[in-house]
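Visitor: Supplied in structure tokens, the structure appears directly below.
The values are calculated or read from the model by the stated rules, or taken from the named source; none is laboratory data. Since the model is a prediction, treat every value here as computed from it, not as a measurement. Positions of Cβ are generated from backbone atoms using ideal geometry, with glycine treated the same way; all protein chains shown enter the neighbour counts. Accessible surface areas use protein heavy atoms only, side chains included; no ligands, DNA or RNA. Shrake-Rupley method; radii C 1.70, N 1.55, O 1.52, S 1.80 Å.
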Amino acid sequence: MTEDAAIVRACAKINLLLRVGPRREDGYHELVTLIARISLADVLLISDAPETAVDCPAIPGGDTLVTRALRLLCETAGHTSGFHVHIDKRIPHGAGLGGGSADAAAALRFANDLLPRPLIDSEIHRLAALIGSDVPALLHDEATVARGRGDRVEVLGHLPAGWLALAHPGRPLATRDVYQRYVADGRPLPQTIALPQTLEEMAALIENDLAVPAEDLEPACRSLREQFMALGSMAACVSGSGSVVFGLFHTEQEATTAAANVEGAPWTATAALGTHPAA
Ligand code: C5P
């Protein structure tokens, strides 16, 4: 580890709103999504190295998105050496929580700061879009609205504070499979999305067009959503393309109780979202 090593938290996301339009000619779907960052995070240790290498004990063969992101960054910046990254994985894979994309976005942002001549923000954004549809939005800590295939990002600001119970049914879902099963219903995509000012406003806008195909592919997701509602959540939904289901609560205590009582989930967690007063 050099003196320039950076310890970086790569926070997961949930999609509070995900509206999906028709499939485009390039195979992607046009979408509008409101993305919130949450406190559940992978931890990355990034340092200079002669060549780029990623060590992620939780994923055999390492994390390909981070490797791709860093190779692309070095190539674009004309940087002849690379970076070493160690990833301590906390965000489950195939969960709709953007774990791999958050790691790639964090690696791009923070490795860029270690370069002698860093790339400008618009270049980092362009590279992020080449890595994956979720990566550009996950360059930002605040809530964002993403459009297009996910690559047109607008920063909305800070959300009101809330707590989430998260439950994983034990089987990951592949994003491509869930999109393939989605049948567009012809409803127009929203033109504008306002930043919710209260937790009640946030709960009211929770909606996900991929929930039906995700719950069809993994019926345990439906059961987890219904259980969270029965356990008192303000709203509950699959995140992104699943398979994690979140329930929204006012307090940490309520979220912890729900996570402890939900049945049929080998992995559960609680996480904060929005701006909490400093402890
Ligand atoms: O961009 P990314 O590699 O994360 O996307 C994974 C898959 O999800 C794509 O290959 C595509 O099948 C689907 N997808 C989509 N429309 C989007 C984003 C992703 O159909 N807007």
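Visitor: Here is a list: SER233, SER241. Which entry is within 16 Å of the ligand (Cβ to nearest atom), assigned by TED's automatic domain parsing to the domain that holds GLY170 and either touching a Phe, Trp or Tyr at 6+ places or on another chain (Cβ under 9 Å) or at pLDDT 95 or above (or both)?
Guide: On the way: SER233 fails: within 16 Å of the ligand (Cβ to nearest atom).
Sole residue among the options that is within 16 Å of the ligand (Cβ to nearest atom), assigned by TED's automatic domain parsing to the domain that holds GLY170 and either touching a Phe, Trp or Tyr at 6+ places or on another chain (Cβ under 9 Å) or at pLDDT 95 or above (or both): SER241.
Visitor: Oh, and also: Taking the options VAL54, VAL85, name whichever one is closer than 19 Å to ILE131 by Cβ, of a type in the set (A, V, I, L, M), outside the structural domain of PRO172 (by TED's automatic domain parsing) and open to solvent by 10 Å² or more (accessible area, probe 1.4 Å). Break it down into steps so the answer makes sense when it comes.
Guide: Numbers: VAL85 fails: open to solvent by 10 Å² or more (accessible area, probe 1.4 Å).
VAL54 is the lone residue from the list that is closer than 19 Å to ILE131 by Cβ, of a type in the set (A, V, I, L, M), outside the structural domain of PRO172 (by TED's automatic domain parsing) and open to solvent by 10 Å² or more (accessible area, probe 1.4 Å).
Visitor: Still on this model: When you check ALA128 against the structure, is it without any contact (Cβ under 8 Å) to a residue 60 or more places away in the chain, among the hydrophobic types (A, V, I, L, M, F, W, C), crowded, with 17+ Cβ neighbours inside 10 Å and not in a loop (DSSP other than H, G, I, E, B), yes or no? Steps first, answer last, please.
Guide: Values: without any contact (Cβ under 8 Å) to a residue 60 or more places away in the chain: yes; among the hydrophobic types (A, V, I, L, M, F, W, C): yes; crowded, with 17+ Cβ neighbours inside 10 Å: yes; not in a loop (DSSP other than H, G, I, E, B): yes.
When the stated conditions are applied, ALA128 passes them.
Visitor: Continuing with the same structure: May I ask you to verify whether ARG117 is among the basic types (Lys, Arg), more than 29 Å from CYS221 (Cβ to Cβ) and open to solvent by 50 Å² or more (accessible area, probe 1.4 Å)?
Guide: Working: among the basic types (Lys, Arg): yes; more than 29 Å from CYS221 (Cβ to Cβ): yes; open to solvent by 50 Å² or more (accessible area, probe 1.4 Å): yes.
Against the criterion (among the basic types (Lys, Arg), more than 29 Å from CYS221 (Cβ to Cβ) and open to solvent by 50 Å² or more (accessible area, probe 1.4 Å)), ARG117 qualifies.
Visitor: Separate question: Identify the single condition in (1) in contact with a helix residue (DSSP H, G or I) (Cβ under 6 Å, 6 or more places away or on another chain); (2) open to solvent by 30 Å² or more (accessible area, probe 1.4 Å) that ALA167 does not satisfy, given that it satisfies every other one.
Guide: It fails just one condition, (2).
Visitor: Then there is this: Can you list residue pairs whose Cβ atoms sit under 9 Å apart, with the first residue in segment 16-29 being open to solvent by 90 Å² or more (accessible area, probe 1.4 Å) and the second being within 10 Å of the ligand (Cβ to nearest atom) and of a type outside the set (Lys, Arg)? Count only pairs 6 or more apart in sequence or on different chains.
Guide: Close Cβ pairs satisfying both conditions: ARG23/HIS29; ARG23/GLU30; ARG23/TYR179; ARG23/TYR182; TYR28/SER133; TYR28/GLY148; TYR28/GLY150; TYR28/TYR179.
Visitor: Right, next: Tell me which residues, restricted to segment 178-188, are open to solvent by 40 Å² or more (accessible area, probe 1.4 Å) and out of contact with any Ser or Thr (no Cβ under 8 Å at 6 or more places or on another chain).
Guide: Of all residues in segment 178-188, those open to solvent by 40 Å² or more (accessible area, probe 1.4 Å) come to 179-181, 183-188.
GLN180, ARG181, VAL183, ALA184, ASP185, GLY186, ARG187, PRO188, listed by residue number.
Visitor: Here's another thing I want to ask about it. Keeping to segment 24-70, report how many residues are in contact with a Phe, Trp or Tyr (Cβ under 8 Å, 6 or more places away or on another chain) and within 16 Å of the ligand (Cβ to nearest atom).
Guide: The qualifying residues number 1.
Visitor: Also: Out of the residues in segment 131-144 that are surrounded by fewer than 22 Cβ atoms within 10 Å (Cβ to Cβ) and away from the ligand (no atom under 16 Å from the Cβ), state the one that is nearest to ALA194 (Cα to Cα).
Guide: Among those that are surrounded by fewer than 22 Cβ atoms within 10 Å (Cβ to Cβ) and away from the ligand (no atom under 16 Å from the Cβ), it is GLU142.
Visitor: Another one. Would you call ARG147 more than 14 Å from the ligand (Cβ to nearest atom) and basic (Lys, Arg)?
Guide: Numbers: more than 14 Å from the ligand (Cβ to nearest atom): no; basic (Lys, Arg): yes.
Judged against the criteria, ARG147 is not a match.
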